Amino acid sequence: MSEAPLPRRPAGMASIRQLHDFDAIIDTRSPAEFALDHVPGAINCPALDDAQRGEVGTLYKQVSPFVAKRRGAALVALNIGRHLLETFHDKGPDWRPLIYCWRGGKRSGAFVTVLRQIGWDAHQLEGGYKRYRRDVLDRLAAAPAQLDFRVLSGPTGSAKSRVLERLAARGEQVLDLEALAAHKGSVLGRQPGQPQPPQRWFESQLHAALTAFDPARPVFTEAESRRIGLVSLPNELIERMRAAPCLRIEASVAARTDYLLRDYDYLTSDAEALIAELERLTDLRGHETIVAWSALARAGDWRTLVAALLEQHYDPLYRRSQQYNFARHPGAPAFDADRLDAAGIDALAAQIIRHTVQGSLDDVSARTAQMR
């Protein structure tokens with residue numbers, strides 16, 4: 001008895017696994033929906049803009065579904081025409097776009113119908129953004145377990161993010177969570193002119209990074225807390241990182257102070273704004289300490305202020321966090337740095353790569369000896 005054939009996907013439909021089989025990915029949701037999250041690499045060509053979407057929704061609730069659909073269809077037709085004239089005017093006959101909306105319904109369906117009538121091999125993403133979002137969450141839960149993380153630890157000012165950059169420049173796999181989060185991970189970590197991404201967009205970028213790694217090679221990342229500014233790390237990722245081998249950077253307070261004065265130089269341009277940030281620590285460090293730090297800021301004594309922040313605030317927090325959260329931190333190999341300028345950071349990256357390569361060779365030798 002022969003098996004029944006698998007159901008065929010309707011013409012013009014594509015699955016989530018075919019995301020990268022197309023020349024373009026077009027998100028037809030409103031700009032506000034797109035801003036919260038979207039498929040990486042997608043462009044926004046709204047079937048309805050934010051105001052139009054609100055107008056149609058109001059008509060649906062306050063007048064009737066029929067009137068809302070009639071108005072919506074007219075607006076969608078106008079918008080598709082505009083996109084054809086402005087965005088798709090230079091596309092040749094072989095162009096293959098993938099179109100999606102919230103659930104893979106009317107907005108993307110209207111686009112696909114028109115584009116296929118023109119002659120383009122346009123496809124609609126089955127299940128739309130909702131299906132994509134479910135896939136992101138599923139894969140964020142599963143991907144960390146497949147990867148071999150190596151976690152850079154070290155007190156604030158140890159240039160861990162810059163070491164990650166140099167490791168990436170040398171061809172290593174790097175997960176730079178602070179770059180994805182647009183935040184340096186501390187109370188003073190907000191970066192000028194760089195708002196943090198919404199949680200969902202952060203997760204989409206994280207998903208793209210994790211699924212691009214080769215599981216056979218180590219992935220270097222930085223020791224982080226569960227939150228980086230306003231965004232949160234998935235539980236599966238943070239737990240995997242906390243169980244991973246650590247690589248500890250050891251640098252003096254003087255070297256870290258020099259580095260921080262360069263890396264946070266934008267904070268020294270407005271003493272009162274910096275003081276406002278420091279005052280958020282009053283409950284933790286006490287009024288007298290904040291007053292002392294504020295006086296240093298107003299006097300422009302930045303070196304003394306940075307050293308005080310390290311010794312009185314950041315270093316105690318670091319010691320408690322690493323000992324409590326990262327099980328393999330106490331016995332981690334240490335990499336000493338007496339300077340954290342460009343040359344010193346590059347030297348640290350080279351040391352870490354040599355150590356990692358040698359450790360991998362030792363592991364292979366041990367496994368080979370066990371097999372004999």
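Extending 7 Å from Cα along the Cβ direction at Ile16 and again at Arg303 yields two label points whose distance is 5.5 nm. For the stretch 181-257, the set of trypsin sites (Lys or Arg not before Pro) satisfying both a DSSP loop assignment and a count of at most 15 other C-beta atoms within 10 Å is given as Arg226. Checking [x] 1.07; [y] 1.02; [z] 0.95 against the coordinates, the calculated Rg/Rh (Cα atoms, Kirkwood Rh) falls under label [x]. Return the calculated 222 nm mean residue ellipticity for the chain, to the nearest 500 deg cm²/dmol, obtained by summing -39500 (n - 2.57) across DSSP H runs with n ≥ 4 and dividing by the residue count. Counting only the DSSP helices, I get -16000 deg cm²/dmol. Within the listed set Leu309, Leu348, Leu284, the Gaussian network model of the chain (springs between alpha-carbon atoms below 10 Å) gives the highest mean-square fluctuation for Leu284. Each part reduced to its alpha carbon centroid, the stretch 53-123 and the stretch 317-336 end up 54 Å apart. Computed about the Cα centre, the dipole magnitude for the stretch 13-135 is approximately 640 debye when only Lys and Arg (+1) and Asp and Glu (-1) carry charge, each at its Cβ. As a calculated quantity, the FRET efficiency between Ala73 and Asp138 at R0 = 45 Å, using C-beta atoms, amounts to about 0.80. Which distance in Å, rounded to a whole number, links the C-alpha centroids of the stretch 276-303 and the stretch 219-234? About 26 Å separates the Cα centre of the stretch 276-303 from the one of the stretch 219-234.
All of the numbers you see were taken from the coordinates with simple rules; none came from a lab. These numbers were taken from a predicted model, which means no experiment stands behind them. Quick reminder, even Gly has a Cβ in these numbers, built from the backbone with ideal geometry, and neighbours come from all protein chains shown.
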